[in-house]
Amino acid sequence: MESIIEDFSEPRKQSASGIVVLFANSFQKTVRAVALPLVFVVIKTKGTGHLGLILIAVFVSIALVLAVISYLRYRRFTFFLDEEKQEFIINEGIFNKTTLTIQLNKIQQVNINQSLIQQMIGVYSLDIDTAGSEKKEASIKAIDHETATLLKQKLLSRESDSIEETTASFDAEQSTTPIEAPVLKLSTNTLFKIGITSNYGASLLLISGFIFGALQLFKDYTDAFEIEREHISAAITKGFTFVSLCILLVFALIVILTTNIIRTFLKYFKFEMIRQKRSLAISSGLFTKHNTLLKPNKVQLSAFSQNYFQKKLNLLNMKIRQASFDEANTEESKKTDIEIPGCNIAERDEVLKMILGQVPEKGISLKPNYRFIFLQCMIKIVLPVALFIITGLIHQPYRAYFWVMIPYIPLVGTMLYFEFKRHRLYVNEQFIIKRSGIWDVEHEIIEPYKIQAITAKQYFWHKKADVGHLIVHTAAGILHFKYGNYTRIRQLVNYWTYQVECSEKDWM
């Protein structure tokens, strides 16, 4: 096979078809932004005869402006690799020129993705993440797969790789028959099992947001048409009975499970993880295809979780976190986590061996003091119930809802009990493992030499009981162990500090 050599030392443009990608992305964002105002314009001017022509003129004008902007963005966008300085440089901007310089040793992750519009055109996007960045550091929206793959290999090489090595990596990735069998490949049956056993909370929030949006739309609609909402609300309220409420709950459960299954297939369709040199190549996606190259030395925190149903089906979900910005526990940064769903125990151990060198053992166990559950019960049971009772005594109509406390107290009490029972910290010489969770039991694993900072905290009213808190800071997030033995926590802090200072390993 003829070797493929690519030179990135000179400024290059994206593929010309990138104009279409830039236009499509801008157009759909603009349409979403102006859709609701246009609806109100249509409603308020429904008697105007030239409304259709006005709307067509508006959309054509928007399309022309966006087309010109997309073309200028394409013309002004260039990228190149300065191998002497080990920097990747991107120039962009229409009126204000911007130069983005990325040091290669700061690059955490390079992903090759393909949206539906990119699949239709035959191009890919290349997204670059770096340590210390809140979002994607850089993104090239339209390049061919050959160029994207070679550029990814060069960007992820700290030291200079030979052309032969880079070409060999490209050939191995392009080969239709991998040298090694996939470490993990998800079947349709496995995807279905993941869909019915995962992400209940996320789906519930998604449905709640949809309901809230629908109610807001109903309000706007009735306002626009000057409809009396009270009559409609009264009719709906009268129609609710215990039987209809049960049917509604069953329907909500079906919607949640269906939503989970659809989300799982969209995100993890054709999920495959292959060992590639000293890395893991991960690809997945139905309409939007994602390709990620995971380097074990860049992993800061590894985690796996499992709930009751997944345990019965021998399934668990893994999550890999690399260096992120300061607020590493925010929802925005968690979106960049690398997820490996649907593993069994053997596959989990294989992945952990490749990342950590061995399967971590739990070691010594630290348990929380009973104050952990006592305070939670006061905050989440006693205080809400007391406030609800006081409100009912003041406002008589609320007394009819006192029965809600009957299921609330044992339900929340059971959840807090399991949270207390599963809150554990396991320590040995090589690893720190924190277990937590109520329904999904999660194990988070870090290596002591990757610790960035340690906080041992004790409130003055806990001194006599020798109770305190431990917070282990890493570049990818924190481990927070609450209400442990403070004397033991201080000993561990001193030991880990010594390990960090003496270790010759690079944390990243």
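Here are the numbers for the structure shown:
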| read-out | value |
| --- | --- |
| Residues satisfying the stated conditions in region 7-47, i.e. at pLDDT 65 or above and not in a helix (DSSP H, G or I) | 7, 8, 9, 10, 11, 12, 13, 14, 15, 16, 17 |
| Positions within region 333-346 being in a helix (DSSP H, G or I) and either surrounded by fewer than 18 Cβ atoms within 10 Å (Cβ to Cβ) or more than 26 Å from the chain's Cα centre (by Cα) (or both), in sequence order | 334, 345, 346 |
| Selection within region 381-434 - in contact with a helix residue (DSSP H, G or I) (Cβ under 8 Å, 6 or more places away or on another chain), surrounded by 16 or more Cβ atoms within 10 Å (Cβ to Cβ) and of a type in the set (D, E, K, R) | 419 |
| Checking residue 274 against (1) under 29 Å from residue 25 (Cα atoms); (2) surrounded by 17 or more Cβ atoms within 10 Å (Cβ to Cβ), the condition it does not meet | (1) |
| Lone unmet requirement of (1) over 25 Å from the mean Cα position of the chain (by Cα); (2) surrounded by fewer than 14 Cβ atoms within 10 Å (Cβ to Cβ) for residue 453 | (1) |
| Pairs, first closer than 16 Å to residue 419 by Cα and modelled with pLDDT under 95 in region 475-487, second surrounded by fewer than 22 Cβ atoms within 10 Å (Cβ to Cβ) and of a type in the set (Lys, Arg), C-beta under 6 Å, six or more apart | 483/371 |
| Residues being under 30 Å from residue 287 (Cβ atoms), touching a helix residue (DSSP H, G or I) at 6+ places or on another chain (Cβ under 8 Å) and buried (at least 19 other Cβ atoms within 10 Å of the Cβ) - total across region 78-101 | 1 |
| Criterion: in the same structural domain as residue 29 (by TED's automatic domain parsing), of a type in the set (A, V, I, L, M, F, W, C) and under 28 Å from the mean Cα position of the chain (by Cα) - qualifying residue of 94, 112 | 112 |
| Hey, residue 276 at pLDDT below 90, at negative phi and either basic (Lys, Arg) or not assigned by TED's automatic domain parsing to the domain that holds residue 356 (or both) or not | yes |
| Selection within region 489-504 - of a type in the set (S, T, N, Q) and part of a helix (DSSP H, G or I) | 491, 494, 497, 499 |
| Subset of region 164-203 [modelled with pLDDT under 80, assigned to a helix (DSSP H, G or I) and of a type in the set (A, V, I, L, M)] | 168, 172, 202 |
| Leading residue by the ranking (nearest to the chain's Cα centre (by Cα)) among those in region 458-481 that are surrounded by 22 or more Cβ atoms within 10 Å (Cβ to Cβ) and either basic (Lys, Arg) or part of a loop (DSSP other than H, G, I, E, B) (or both) | 476 |
| Search result, residues across region 64-110 that are among the aromatic types (Phe, Trp, Tyr) and in contact (Cβ under 8 Å) with a residue 24 or more places away in the chain | 71, 74, 77, 79, 80, 88 |
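Residue-by-condition table, conditions (1) of a type in the set (Lys, Arg); (2) closer than 26 Å to residue 294 by Cα:
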{"residue": "465", "(1), (2)": "no, no"}
{"residue": "471", "(1), (2)": "no, no"}
{"residue": "477", "(1), (2)": "no, yes"}
{"residue": "481", "(1), (2)": "no, no"}
{"residue": "485", "(1), (2)": "no, no"}
{"residue": "491", "(1), (2)": "no, no"}
{"residue": "496", "(1), (2)": "no, no"}
{"residue": "501", "(1), (2)": "no, no"}
{"residue": "505", "(1), (2)": "yes, yes"}
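Every residue, every condition in (1) in a helix (DSSP H, G or I); (2) surrounded by 12 or more Cβ atoms within 10 Å (Cβ to Cβ); (3) modelled with pLDDT under 90, yes or no:
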| site | (1), (2), (3) |
| --- | --- |
| 290 | no, yes, yes |
| 300 | no, yes, yes |
| 355 | yes, yes, yes |
| 369 | no, yes, no |
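Let's see how each residue does on (1) without any contact (Cβ under 8 Å) to a residue 24 or more places away in the chain; (2) more than 30 Å from residue 316 (Cβ to Cβ):
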residue	(1), (2)
388	yes, yes
406	yes, yes
418	yes, no
456	no, yes
466	yes, yes
472	no, no
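The values are calculated or read from the model by the stated rules, or taken from the named source; none is laboratory data. In this text the structure is predicted, and so the values were computed from the model without any measurement. Positions of Cβ are backbone-derived with ideal geometry, glycine not excepted, and every protein chain shown enters the neighbour counts.
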